[in-house]
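Here the structure is laid out as structure tokens; the discussion comes afterwards.
The values are calculated or read from the model by the stated rules, or taken from the named source; none is laboratory data. Computed from a predicted model, the values in this text were never measured in an experiment. Neighbour counts are summed over all protein chains in view; Cβ atoms, including those assigned to glycine, are modelled from backbone coordinates with ideal geometry. Just so you know, the surface numbers come from the protein's heavy atoms only, side chains and all, with ligands and any DNA or RNA stripped out. Shrake-Rupley method; radii C 1.70, N 1.55, O 1.52, S 1.80 Å.
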Amino acid sequence: MSVKYTPVQWNRVKYCYDALLVAGTILFLAVFLPLPPEALGHTRPVDPQITNARAFGACAFVMLSIILMIGPLARLDDRVLPLLYNRRHFGVLTCLVALTHAYFVLNWYFAFSPTDKWAASLSANTSYGQALGFPFETLGIFALLCLLVLAATSHDFWLKFLGAPLWKGLHMLIYPAYAAVVGHIALGALQSQEVTTFAWITAFLSLGVAGLHLAAALQARMSPDPQAHAVPDPAWREVCDVTDLREGFAQIAQLPDGKRVAVFLHEGQISAISNACAHQNGPLGEGRIVNCLVTCPWHGFQYDVRNGQSPAPFTEKIPTYRVRLKGSRVQVDPVANPPGTPVPPVPLSKAARV
Amino acid sequence: MSEKPFFIGYAAVPTALRFVMGLVSALLIGGAAVLGYAIGHAQDDPGDGAFRFDYGRQTVTGVIELTPLPVMHVIEGSEQIAAGDTLMLSGAGKNGALPRAAALDGQMAQASGVLLQRGEIDMLQLRGGRNGLQAAAGDGTTPAPVDLGHWKLAGEICDGKCLAGAMRPGRGISHRACANLCIQGGIPPVFVSTQPVEGEEFLMITGPGFSPLPEAIYDAVALYISAEGQLSRHGDLLVWALEPDTIEVLP
Ligand code: FES
């Protein structure tokens, strides 16, 4: 068996992905910015600084909405997975666009004043007690700070340094940030606009993000719960029937501690590994075996299903589980082995194979 | 699970996925263009206010009146500013003209700077220091204000400078913090009435009895409100002594 392994580094797909991102962003701005006042029916042009602030702000919102749609879409239809692949670059670019928006606002609305512009951005409007006229800038500042933290910690170095669970938890900040952005727009730009197009677009995108998350969550709930038929011996948990297994693929089950196990059938033998990829907790059980290695559907990290180890020279390790067959039922010991522990695979008896 | 194509970023893209990826790319690019155009096209008219740099520097002489913020009743006009006009005055940026005008109440002065204009509203942004405003020789008296009674009006509190064209647009909630900073800095606040008052859409506002506007009004800036106050005409400028307790935010 030959092992050809390349980690998540620069590759053609990434270049194409980034080129697409940059092209889309530039196109959005290039269409928005040069619209002449005559085309908009205005006597005099909107200040260039305000046009810039609007264009970059709207662009960042659209980008953030798309980023948040990718996750649930990929759960609903795995053909969308390629979009997930390089989502971090998408996030970093969004942060830069949002930063540019803030730059134009800060150096226009908050400039030219005896009050320092940084202080003014927090002190000029303090009507926190009212919805109309609420200091929507504060919501934008909060969201921008979140985006900055996420962009700064987006590199794999931080993932390693913080550990996947903490890193993932930190990156959940994207949700409060998005909520703040929607509030920022709804209480700011939308309150001073007579033309309602942007209001409709904002509603469509934000409801789209919420709706897709709901749909993905519902779908996860509807998928059969293997624990419905719990085993009498509480030490071992039942995952599925052998007839559910397919060569090269996995069945996933939730264990009492909340973790998920992925039970793979590989070359006629059953092995169980943690469902969480060591890279970013990607769902390994939704991947498949490629060249004898379990391949993560998110960024393609690979593991030997029998010991949870990435092939040399890579050093990633994930926990493994003991497996056994009770008749035609596949069961796992819910106590995880330390990452990288070899477990002898359980051969499917000829009789059990369908 | 089926034999669906499986995407691995670093490996060649499966042929079956290429089509989907092409479609998604086209959607993203097309969507960017459509959304950029739709949102860009949906901007409101920012009005016709502007710095009149095209007029060049204007230098006029007249009487200063503190309402308490300074206005000038022009006696000797310039090319673009007629004698008899009443100008609101401001310094550069978000700085008012009161520090320079305070000592000149009721006196003749020369003002020089660039004009801001929007409809009937005129404001002169003074040059720096004494070049912008200085005492002048000559006779002139403040025209007696004409009392126009107690009015309840609906509209929006703005800062007179951004509204007059220092920013376009210079009103609305997006601009609210900026308007607060202007008013704090001493720029004359202006009320944009939804109905013309005595033929005018813009009124300069002060606190009750021509006192400085109290801080309480910052909560109402840039909102659609109604309020009451005593109205008077100073030269050709309407001045409304707004009573903050009467402010009501309208839906
Ligand atoms: S490869 Fe990135 S999460 Fe698995």
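List of remarks:
- Test: A:Phe314 is surrounded by fewer than 18 Cβ atoms within 10 Å (Cβ to Cβ) and within 14 Å of another protein chain (Cβ to nearest Cβ): yes
- Residue match in the range A:261-274 (condition: more than 14 Å from chain B (Cβ to nearest Cβ), crowded, with 18+ Cβ neighbours inside 10 Å and at pLDDT below 90): no
- Residue that is free of Cβ contacts under 8 Å to residues at least 40 places away in the same chain, of a type in the set (Gly, Ala, Ser) and surrounded by fewer than 24 Cβ atoms within 10 Å (Cβ to Cβ), where the choices are B:Gly185, B:Gly199: B:Gly199
- Just so you know, in the range A:283-329 the residues that are hydroxyl-bearing (Ser, Thr, Tyr), more than 14 Å from the ligand (Cβ to nearest atom) and modelled with pLDDT of 90 or more include one that is farthest from the chain's Cα centre (by Cα), and it is A:Tyr321.
- Residue ID - nearest to the chain's Cα centre (by Cα), chosen from residues in the range A:92-125 that are surrounded by fewer than 19 Cβ atoms within 10 Å (Cβ to Cβ) and closer than 25 Å to A:Leu173 by Cβ: A:Val92
- Check on A:Pro339, away from the ligand (no atom under 11 Å from the Cβ), part of a loop (DSSP other than H, G, I, E, B), open to solvent by 40 Å² or more (accessible area, probe 1.4 Å) and in the same structural domain as A:Glu238 (by TED's automatic domain parsing): yes
- Being within 16 Å of the ligand (Cβ to nearest atom) and at positive phi is a property that A:Asn275 lacks.
- Check on B:Ile64, open to solvent by less than 40 Å² (accessible area, probe 1.4 Å), over 17 Å from B:Cys162 (Cα atoms) and in a strand (DSSP E or B): yes
- The condition (being under 31 Å from the mean Cα position of the chain (by Cα) and within 14 Å of chain B (Cβ to nearest Cβ)) is satisfied by just one residue among A:Gly169, A:Gly133, A:Gly140: A:Gly140.
- Residue ID - farthest from A:Ala336 (Cα to Cα), chosen from residues in the range A:286-311 that are buried (at least 24 other Cβ atoms within 10 Å of the Cβ) and among the small types (Gly, Ala, Ser): A:Gly300
- Complete set of residues in the range B:115-148 that are open to solvent by less than 20 Å² (accessible area, probe 1.4 Å) and not in a helix (DSSP H, G or I): B:Leu115, B:Leu116, B:Ile121, B:Met123, B:Leu124, B:Leu126, B:Leu133
- Residue check, A:His299 of a type outside the set (A, V, I, L, M, F, W, C) and within 11 Å of chain B (Cβ to nearest Cβ): yes
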